[in-house]
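To start, the structure itself, in structure tokens.
Bear in mind these aren't lab numbers, they're just calculated from the coordinates by the rules spelled out. Bear in mind the structure is a predicted one, so any value in this text is a computation, not a measurement. Heads up, the Cβs are rebuilt from the backbone with ideal geometry, glycines too, and the neighbour counts pull from every protein chain shown.
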Amino acid sequence: MSRTAKTVAPTDSTPVRAQNSRRGIVVPLLLVTVLGGTGALAVTRPWERGESTTRQAPLSYGVVAVEKGSLSTGIQAGGTLGFDEPTPVVATGRGMLTALPAVATVVKTGGRLYEVDGRPVVLWKGERPMWRDLGPEATDGPDVEQLKRNLIKLGHAEGLGLTADQKFTPGTTTAVKRWQKALGVPQTGTVTLGSVIMLPHSAVRVQHVGAQLGAAVGTGSVLTVTRTDLVATVQPAENQLSRFKPNGRVTVKLADGGTVNGRIRSLIRGGANGGSGGDDNGGSGGGSDKTTVTVALDAQDLARKSGPSSVVVSVVGDSVSDALIVPVTALLALDGGGYGVKVADRSGAAARLVKVRLGLVADAKAQVSGAIQAGDQVVVPK
């Protein structure tokens, strides 16, 4: 939309001041504020009826064309794209670190995370960390059940009739030996403390390596890992929070110009528990008193092409298409209710008042309908 350089000369139809007529009083709408992207209209009149002892400088007017297009009350907020759920990995047991993975390495269940004393430490899936050796002498417990689930999933219990219960049976011993044979370590039938790391994901990505080769285990975090999925995180302003609803749909504009749809997965008051600062992760850290919104993305392939970076998250509200659109500054509040616009003739020398019906309002623009059409020139303050 572009404004012409011409100035509309004040006439008895130009909205320079309040005019009394049989139609009532026409008051120019000089300030319209769209609050919070909701389309609510707040009108401030520059003067009241009656005499004023203060003279105001005359206003200058121009014209703009009525547009036809789309309008939306959606809001936008800047955020970041990063890998999900940074989690520190603390080594247990005894020994020295003899091999460490590279940043960005993806490790699946059954894969090697790192080595201690030349022996692999393997990723298994589970919510409960290992706290003891698990072998034929182990008492019943949920950690035994967790171990058996992994042995079954990795195919080492085939033909043994093994079930994921809490008993360490002779069949469990056989399955452990099969796993140890495939791993290339002594077949003892006992899973020792420190040989397995239990994490609640089927695959993780190495975000940060926090230890050095030759360091003794048990003195701190060896790695920080994340899930393999990218998510968008954003901390909206307080007046935007009502638009971010759990499971609500959003659009995420990526740094490379692409766009991916997403779903609001969580809203956490007081900031997210971000990672400790990975080498290449764009996730947010903790310490903020704002609400952190996490968005799960529909298309991971598109997100990975962009990689960890800044993004813009858009929440779409009400929208219209194929609508007649004018600037809100073109609207005139009519005495008795409703709104109108001044439509200038082609010469710009005169303008006629046209009453319009107001529709959606967003981004300082308004949807109108009435006896106007696209291309008509409406009067606006300069």
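For Lys245, list the lysines whose Cα falls under 20 Å from its own Cα; do not include residues on the same chain fewer than 8 positions away.
List returned: Lys253, Lys290.
From the backbone phi of region 250-259, what are the Karplus-calculated ³J(HN,Hα) couplings (6.51 cos²θ - 1.76 cosθ + 1.60, θ = phi - 60°) in whole Hz, Gly and Pro given as x?
Couplings: 9, 10, 10, 8, 7, 5, 8, x, x, 10 Hz.
Cut-off under 13 Å on the C-alpha distance; same-chain residues fewer than 8 positions from Lys125 excluded. Which aspartates and glutamates are left, in chain and number order?
Straight-line reach from Lys125, under 13 Å: Asp143, Glu145.
Once amide H atoms are built 1.01 Å from N in the peptide plane, which residues 5 or more positions from Thr105, or in another chain, come under 5 Å H to H?
Long-range HN contacts for Thr105: Val206.
Each residue of region 351-363 in order: what ³J(HN,Hα) in whole Hz does its phi give by Karplus 6.51 cos²θ - 1.76 cosθ + 1.60, θ = phi - 60°, with x for Gly and Pro?
Values per residue, Gly and Pro as x: 9, 10, 7, 10, 6, 10, 9, 8, x, 5, 10, 6, 6 Hz.
If you plug each phi of region 234-239 into the Karplus form 6.51 cos²θ - 1.76 cosθ + 1.60 with θ = phi - 60°, what whole-Hz ³J(HN,Hα) values come out, in order, with x for Gly and Pro?
8, 10, x, 5, 4, 6
If you count, for each residue, the other Cβ atoms within 10 Å and average over each peptide, how do 80-88, 305-313 line up from highest to lowest?
80-88, 305-313
So for region 130-189, Kirkwood radius off the Cα pairs, Stokes-Einstein at 25 °C and 0.890 mPa s: how many µm² s⁻¹?
217 µm²/s
Can you list residues from other chains, or at least 5 along the same chain, whose modelled amide H is less than 5 Å from the amide H of Val222?
Sorted by chain and number, the residues that satisfy this are Val89, Val90, Ala91.
Be a star and scan region 310-331 for residues whose amide nitrogen sits under 18 Å from the point 7 Å along the Cα-to-Cβ vector of Arg249.
What the label zone holds, given the 18 Å backbone N cut-off, is 313-321.
Give the lysines whose C-alpha is closer than 26 Å to that of Lys342, dropping any in the same chain fewer than 8 places away, or say none.
Filter leaves Lys6, Lys68, Lys355, Lys365, Lys382.
Using amide H atoms built 1.01 Å from N in the peptide plane, name the residues 5+ places from Met130, or on other chains, whose amide H lies under 5 Å from its own.
Here the answer is Met198, since their amide H atoms fall under 5 Å of that of Met130.
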